[in-house]
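To keep things clear, I will list the structure first and then write my remarks on it.
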Amino acid sequence: MAGDSEKVRLFTRRAALIAGAQTGLFALLAGRLYYLQILEGGKYRQMAEENRISLRIVAPPRGRILDRSGAALAFNDQTYRVVLLPEQIEDFSDLMGKLGPLLSLEDTDLKRIARDMKNRQGFNAVIVRDNLTRDQMDSVAVRIPDMPGVDLDAGEVRSYPYGEVTAHVLGYVGTVSEAEIDDDEEDDDADMLRAQGFRVGKNGIEKAYDTPLRGEAGDVEMEVNAHGRVVQELSHRAPLAGTELTLALDIGLQQFVQQRLAAEEGGAAVVLDIRNGEILALASQPSFDPNLFTFGIGQEDWAQLNTDMHAPLLNKVVGGVYAPGSTFKPIAALAALDSGLVNPEDRTFCPGYYEFGSHTFHCWKHGGHGSVNMVEAIAGSCDTYFYDLGHKIGIDRIQAMAQRFGLGTKTGIDLPHERSGLVPSRSWKQATKHQAWQQGETLIAAIGQGYMLASPLQLAVAAARIANGGRAITPHLAKKIGGKEAVTTEGPLMGLDPRHLDIVRQGMADVINAPTGTAYAARILQEGMEMAGKTGTAQVRHISEAEHEDGVTKNENLPWKERDHALFMGYAPRAEPRYAISVIVEHGGSGAHIAVPIARDILLECQTRKGTG
Amino acid sequence: MSSLSPSDHLTLPARFRRLNGGMIALIVMIGLIGIALLYSAGGKHWTPWAGPQLARFAAGLCLMMALALTDVRVWLRFAYPMYGVMLALLVIVELMGHIGMGAQRWINLGFFVLQPSELMKITLVLALAKYFHGLSPEDITHPMKLIAPAAMVCAPVGLVLLQPNLGTALLLTFASAAVFWAAGVRWWKFALVLALAGLLLPIAWHHLHEYQRARLMTFMNPAADPLGHGYNIMQSKIALGSGGLFGRGFGQGPQSQLQFLPEKHTDFIFVVLAEEFGLVGALFLLFLYFLLIAYGFIIAWTCRNPFGRLAALGLTVSFFLYVFVNVAMVTGTIPVVGIPLPLVSYGGTAMLTLLIGCGVLLSISVHRDMRLSRTGINE
């Protein structure tokens, strides 16, 4: 039949069309496969590897910190902690309900855990609680089979056996903030920093030497399946422990100094070796317990530390600045000698005041010192002599000499948060106050008052540089880094005339040892151990600049705030100087009466104790 | 109509001789590849997938051979009753689903899980083939004559859509369209239907299930939600892409072996192949499918009766749609629609349905020279 054969032809044609279309679609699939497997193959291969391989960071043990004779000041303690392996958890809220009572977790803990669960990297565990007590460990251990996803894990925790004694030197460690990760100089460390429970130095030596103390993270490369279960370990790289750090600090002396200051409400003291700038003791009162920070400080403790009017978190040796007061007089004297404008033997008559223009400047001694030369003026701390001296040499020379001694700039000590203090000058006043320098201000500057500000460390460094014959040593705490001597130089000579230094040192020796000296009562009696130095009593109209700027202290509740700061800077023994010191007792009153006995006890301790070699 | 007399009834040995050996060999090869992949997907174990699949495949092959040797006129004669039974079963499982069996759309016969929507893919094609077989060329041009077959398509498609099983509905529709087209229905009628469908599309979208919409949206941008609906497709593409040219090796595909690949033993089995044997392996299997489909077309072209031609074409197009939709889906070329890879994916119902289809196709091949009257079995 014609119709039927037409039908067959139509069928054949149309079936061929379909066959053609299908062949085309097959070609499309083949092309798609070629695209995915060959053209994009590399990309997907990499994504498959990322799927498959999980990197678990193994945190390195932090380097220990030792004192000069090898006593451990900071080390790592074993601690047991409860961790979550999130991929094995069946019901998170149910699990927290079980763990909560066992570990007495608070709401803040639960919030942190939930946050860590969300932010965790790869398949790293999330810490529920660190530093378990024996009871907590046992109670969790027996219930682990009922709580999938919970595990006990041994970790390391930073421990400071000397607690408050070394808190201001060592600082403390804490968990890493995002900002710290962004700012970190070691780009490679980001993974380690993000690792659960990893801690970095937050203050003190721990912060200053954080990079060497950290060490290098190891890692374990694991093959995991889609549920996060480990299939096999692919590679293992052991972590490299952090470098061990030996400090110049003498822990025995440090304990003595911190305890000697403990009776005062606020103060600071620092002892350094005048030969090389090694810091043997550095104490700031009040102190705090760095172990509080180990597991994350509680809000209450944190609030208390931060609002305490005595600023326990502030290391006053480097971060507190005060008017140096009369302790500045030796430097002013050296400026005068250096200028050649003043003969040290020339005498100035002190009636108890100094008239300059229409102003009268008072000497601290009401009746006056009578006729004094330079040595006597230093010994008796005669303000009148130094008003006159300042008038003769002018602010520029005073400023230059102060700067040669390191005032007004950071000493470069290996501690964070050092402040530079202030040495006023004509240009400084013009720039900040838009006023010309007044001659009267030169007189005030000559006795270390007015605008001048210095940290206790700067005063100790100045004392050391006077005592060591004018060598610009740099103070430092680190002695050995990883067994290698930290680079120390003797310090370049400052270009001071030794005869000038002798005159000033004589004056400083007489401060203590001459009956006319301001601190005669607090001299060291042991022969060969006598000290020399200069007292200072800094007038305080407001609370100290440091506190003021840091905003940690409330003015109104300070009955002692109007009182003067008691200062002392000096060295011992006077004949062959070895130790330089500065002491400040905040609002302690008279330097001679308050600061000097502390300095005396410390310097005596330095010379009588063994081991500080 | 000049035709061979019923006396050209073939003896059993004669039928045996006329069996399409190349096609059977292809089916066996594809099935064995499937079993090998399930063995790999099971972590190189016969359990849980490869062993049962092998048993089913063997049983299915026997069934296929039995059907292949069956007289083609049986299919012609029982095309409507078989279609009717499947339609009735579709209605029954639909009602059962509503009465409280949840999403269950099958009947457990004990030895075999009967999924009416699967077998409907064969019976619909056979019923349509029988219908057009009975139409004269003049009838075809008559629009009224198309109402009955259109209804035959719409009824099961509607029921399957209700389940909801978008993949099967599309497959039924496309295979039926191919039969309509090959039977000689004018192209403008398709255009008309397409235009109508275009108008109905927004309404259909409105009635789609949330998860179906999500699948469509995921297809548009799988990276937007990599851990949700896009996860499957993303992991699938990673597995495929990482296979490269020669693959990771048998049983060595990390994506498959480490459970990143979802549904790796069923709808995503092709990805296991592509990951472990690379582009070469994937194209090899596609080529086998291409050959099998080519055999189907050759059977359709060489068949001397309209029923055989149309049925062979419809079954072949169905088979092609299985392959295309599945591979296109796992390669992220089209949205995810749950269609297994024929003869390879784990699963008894699909395997048996496909082998039954192949059996019918082989039977048509065996009887390709038989002429059948338009009106009945015997002239």
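One residue alone among B:PHE78, B:PHE16, B:PHE57 is under 18 Å from the mean Cα position of the chain (by Cα) and aromatic (Phe, Trp, Tyr), and that residue is B:PHE57. Cβ-Cβ contacts under 6 Å between residues 6 or more apart (or on different chains), taken from a first residue in the stretch B:271-287 that is at the interface with chain A (Cβ under 9 Å from one of its Cβ atoms) to a second residue that is in a helix (DSSP H, G or I) and of a type in the set (Ser, Thr, Tyr), are listed as B:GLU275/B:SER256.
When A:ASP77, A:ASP94 are checked against the criterion of being assigned to a strand (DSSP E or B), open to solvent by 50 Å² or more (accessible area, probe 1.4 Å) and more than 8 Å from chain B (Cβ to nearest Cβ), A:ASP77 stands alone in meeting it. Can you confirm whether B:PRO262 is within 10 Å of another protein chain (Cβ to nearest Cβ) and either charged (D, E, K, R) or more than 21 Å from A:LEU29 (Cβ to Cβ) (or both)? Taking the combined requirement at face value, the residue does not satisfy it. Taking (1) in contact with an Asp or Glu (Cβ under 9 Å, 6 or more places away or on another chain); (2) modelled with pLDDT under 95; (3) closer than 24 Å to A:ALA595 by Cα in turn, A:LEU457 satisfies each apart from (2).
Within the stretch A:428-442, is even one residue on the phi > 0 side of the Ramachandran plot and either in a loop (DSSP other than H, G, I, E, B) or open to solvent by 40 Å² or more (accessible area, probe 1.4 Å) (or both)? Looking for residues that are on the phi > 0 side of the Ramachandran plot and either in a loop (DSSP other than H, G, I, E, B) or open to solvent by 40 Å² or more (accessible area, probe 1.4 Å) (or both), one finds at least one in the stretch A:428-442, hence yes. If you check A:ARG523 against the conditions, is it at pLDDT 95 or above and of a type in the set (Lys, Arg)? So A:ARG523 fails the test. Looking for whichever is at the interface with another protein chain (Cβ under 9 Å from one of its Cβ atoms), surrounded by fewer than 21 Cβ atoms within 10 Å (Cβ to Cβ), more than 16 Å from the chain's Cα centre (by Cα) and in contact (Cβ under 8 Å) with a residue 60 or more places away in the chain here; the options are B:ARG304, B:ARG309. Which one fits? Going through B:ARG304, B:ARG309 in turn, the sole match is B:ARG304. None of A:PRO212, A:PRO290 is under 17 Å from the mean Cα position of the chain (by Cα), touching a residue at least 12 places away in the same chain (Cβ under 8 Å), assigned by TED's automatic domain parsing to the domain that holds A:LEU567 and more than 30 Å from A:GLY570 (Cα to Cα) except A:PRO290. On inspection, B:PRO13 does not qualify as open to solvent by 10 Å² or more (accessible area, probe 1.4 Å), touching a Gly at 6+ places or on another chain (Cβ under 8 Å) and either more than 19 Å from B:LEU361 (Cβ to Cβ) or among the aromatic types (Phe, Trp, Tyr) (or both).
For B:ILE298, the conditions (1) open to solvent by 30 Å² or more (accessible area, probe 1.4 Å); (2) modelled with pLDDT of 90 or more; (3) at the interface with chain A (Cβ under 10 Å from one of its Cβ atoms); (4) closer than 27 Å to A:LEU39 by Cα all hold with the exception of (4). Restricting the stretch A:486-511 to residues that are in contact with a strand residue (DSSP E or B) (Cβ under 7 Å, 6 or more places away or on another chain) and over 21 Å from A:LEU407 (Cα atoms), the residue that is modelled with the lowest pLDDT is A:ALA486.
Could you say whether any residue in the stretch A:447-463 is surrounded by fewer than 20 Cβ atoms within 10 Å (Cβ to Cβ) and either in a helix (DSSP H, G or I) or of a type in the set (Phe, Trp, Tyr) (or both)? Within the stretch A:447-463, one or more residues are surrounded by fewer than 20 Cβ atoms within 10 Å (Cβ to Cβ) and either in a helix (DSSP H, G or I) or of a type in the set (Phe, Trp, Tyr) (or both).
Among the residues of the stretch B:356-368, are any within 10 Å of another protein chain (Cβ to nearest Cβ), out of contact with any His (no Cβ under 8 Å at 6 or more places or on another chain), in a helix (DSSP H, G or I) and open to solvent by 20 Å² or more (accessible area, probe 1.4 Å)? Looking through the stretch B:356-368, none of the residues is within 10 Å of another protein chain (Cβ to nearest Cβ), out of contact with any His (no Cβ under 8 Å at 6 or more places or on another chain), in a helix (DSSP H, G or I) and open to solvent by 20 Å² or more (accessible area, probe 1.4 Å).
Considering the stretch A:1-15, and only residues there that are open to solvent by less than 40 Å² (accessible area, probe 1.4 Å) and more than 17 Å from B:ALA312 (Cβ to Cβ), the residue that is nearest to the other protein chains (Cβ to nearest Cβ) turns out to be A:GLY3. The condition of being under 18 Å from A:ALA377 (Cα atoms) and touching a helix residue (DSSP H, G or I) at 6+ places or on another chain (Cβ under 8 Å) holds for only one of A:GLN526, A:GLN435, A:GLN439, A:GLN449, that being A:GLN449. Among (1) over 17 Å from A:TYR579 (Cα atoms); (2) assigned to a loop (DSSP other than H, G, I, E, B); (3) open to solvent by less than 40 Å² (accessible area, probe 1.4 Å), which single condition is A:PRO515 missing? With (1) over 17 Å from A:TYR579 (Cα atoms); (2) assigned to a loop (DSSP other than H, G, I, E, B); (3) open to solvent by less than 40 Å² (accessible area, probe 1.4 Å) applied to A:PRO515, the lone miss is (3).
For the stretch A:350-369, taking the residues that are over 15 Å from A:THR518 (Cβ atoms) and free of Cβ contacts under 8 Å to residues at least 24 places away in the same chain, the one that is surrounded by the most Cβ atoms within 10 Å (Cβ to Cβ) is identified as A:HIS362.
Of all the residues in the stretch B:158-199, those that are farther than 20 Å from B:THR316 by Cβ, hydrophobic (A, V, I, L, M, F, W, C) and away from chain A (no Cβ under 14 Å) number 14.
Whether a residue is over 18 Å from the mean Cα position of the chain (by Cα), assigned to a helix (DSSP H, G or I) and at pLDDT 90 or above was assessed, and B:LYS121 does not pass this test. Among the residues of the stretch A:212-259, those identified as assigned to a strand (DSSP E or B) and within 14 Å of chain B (Cβ to nearest Cβ) are A:GLU221, A:MET222, A:GLU223, A:VAL224, A:VAL230, A:VAL231, A:GLN232, A:LEU234.
Can you find, within the stretch B:311-355, the residue that is nearest to B:LEU372 (Cα to Cα) among those that are among the aliphatic types (A, V, I, L, M) and assigned to a loop (DSSP other than H, G, I, E, B)? Here the residue is B:LEU343. When the strands (runs of 3 or more DSSP E) confined to the stretch A:120-179 are screened for residues that are open to solvent by 10 Å² or more (accessible area, probe 1.4 Å), those reaching at least 3 such residues are found at A:150-159.
Within the stretch B:35-46, residues that are farther than 16 Å from B:ALA274 by Cα sit with their Cβ atoms under 7 Å from residues that are in a loop (DSSP other than H, G, I, E, B) and of a type outside the set (Asp, Glu), at 6+ positions apart or across chains, in these pairs: B:LYS44/B:GLY251. Report whether or not A:GLU50 is at pLDDT below 90, more than 8 Å from every other protein chain (Cβ to nearest Cβ) and part of a helix (DSSP H, G or I). Yes; evaluated as a whole, the condition is true for this residue. Taking A:MET222 as the residue in question, decide whether it is farther than 30 Å from A:THR488 by Cβ, surrounded by 22 or more Cβ atoms within 10 Å (Cβ to Cβ) and in contact (Cβ under 8 Å) with a residue 40 or more places away in the chain. In short, no. Checked across the stretch A:16-28, the condition of being closer than 30 Å to B:ALA300 by Cα, of a type in the set (Val, Ile, Thr) and facing another protein chain (nearest Cβ under 10 Å) holds for at least one residue. Taken as a whole, the condition of being aromatic (Phe, Trp, Tyr) and under 38 Å from the mean Cα position of the chain (by Cα) applies to A:TYR80.
The values are calculated or read from the model by the stated rules, or taken from the named source; none is laboratory data. Everything numeric in this text was worked out from a predicted model, so none of it was measured. Here Cβ is always computed from backbone atoms with ideal geometry, including for glycine, and neighbour counts include all displayed protein chains. Accessible surface areas use protein heavy atoms only, side chains included; no ligands, DNA or RNA. Shrake-Rupley method; radii C 1.70, N 1.55, O 1.52, S 1.80 Å.
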